[in-house]
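Below is one structure, written out as structure tokens, with a few remarks after it.
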Amino acid sequence: MEEEVLVMGFEGSANKLGIGIVRSDGAILSNVRHTYITPPGEGFLPRETAKHHQEHILSLVRMALEEAKISPEQLSCLAYTKGPGIGAPLRSVAVVVRILAQLWKKPIIAVNHCVAHIEMGRQVTGAKNPVVLYVSGGNTQVICYSLKKYRIFGETIDIAVGNCLDRFARIINLSNDPSPGYNIEQMAKKGSKFIELPYVVKGMDVSFSGLLSHIEGVANDLLSKGEVLILKRFFKFKESVLLFGRPQKKIF
């Protein structure tokens, strides 16, 4: 019988700080988070984000252990996001992990942020050898496992879809609590106008910078009139509906 493995994982690559404890069979024993929220219309800067993580990480460690009902002695190792991500918050979390590893006498495992997302999806869905559409604030990629490595078969050639949404949310002064994309969608559900926007597909690659520039111009014009925007994009590998709305005015 295999020995049970318990891993405490630390994620702090952007404005969300999360700590989870996972068992070797995939069971999630705890998953606690704290998000750095900036005023509507503002993004988050590396220095302030790192300070947020420093202020909340120890309380999250205690909460994770309490939720999992285990002690540090029962942990097998500590894992943390090594990258990709924002440098300052990544370093802040890594320093804490190294200190805890020394105090608790546990080994450390550095984890690639992108691979972790894929492996979590495989664990939850039970998918075997999937073709992955990986979209986040900093990444938009089509990925598949081939010849013992994850390989990129298509990706954004400029900004990620998440970054596109974040920047548009700032233009229309939406909060990033719980996330800009979610708030955009909720506000746009109240809209009634549909506006075609350009999209760029180059083989298996996509581009969002032109779309963002175009919608910035459209938004500045229409939002001054109290309009709501609904954006529909079609990619070669995925049909995606992105909804944009203005929170200041109720639309019927």
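The values are calculated or read from the model by the stated rules, or taken from the named source; none is laboratory data. For clarity, every value in this text was computed on a predicted model and none was experimentally measured. Quick reminder, even Gly has a Cβ in these numbers, built from the backbone with ideal geometry, and neighbours come from all protein chains shown. Only protein heavy atoms, including side chains, enter the accessible area calculation; ligands, DNA and RNA are left aside. Shrake-Rupley method; radii C 1.70, N 1.55, O 1.52, S 1.80 Å.
Details
- Hey, I152 open to solvent by 60 Å² or more (accessible area, probe 1.4 Å), outside any helix (DSSP H, G or I), over 15 Å from G210 (Cα atoms) and among the β-branched types (V, I, T) or not: yes
- Only one of the listed residues (E66, E55) is without any contact (Cβ under 8 Å) to a residue 40 or more places away in the chain and either over 30 Å from I172 (Cβ atoms) or basic (K, R) (or both). That residue is E66.
- Looking across region 183-213 at every residue that is hydroxyl-bearing (S, T, Y) and at pLDDT below 85, the one that is nearest to V131 (Cα to Cα) is identified as Y199.
- Within region 98-133, the set of residues being over 18 Å from S146 (Cβ atoms) and over 21 Å from the mean Cα position of the chain (by Cα) comprises R98, I99, L100, A101, Q102, L103, W104, K105, K106, P107, I108, G126.
- The residue that is surrounded by the fewest Cβ atoms within 10 Å (Cβ to Cβ), among those in region 136-149 that are in contact with a Ser or Thr (Cβ under 9 Å, 6 or more places away or on another chain) and assigned to a strand (DSSP E or B), is Q141.
- Qualifying residue in region 162-181 (condition: more than 30 Å from R33 (Cβ to Cβ) and surrounded by fewer than 16 Cβ atoms within 10 Å (Cβ to Cβ)): no
- Within region 99-129, the residues that satisfy the criterion of being among the basic types (K, R) and either surrounded by 13 or more Cβ atoms within 10 Å (Cβ to Cβ) or touching a Leu at 6+ places or on another chain (Cβ under 6 Å) (or both) are K106, R122.
- Residues in region 60-95 that are hydroxyl-bearing (S, T, Y) and assigned to a helix (DSSP H, G or I): S92 only.
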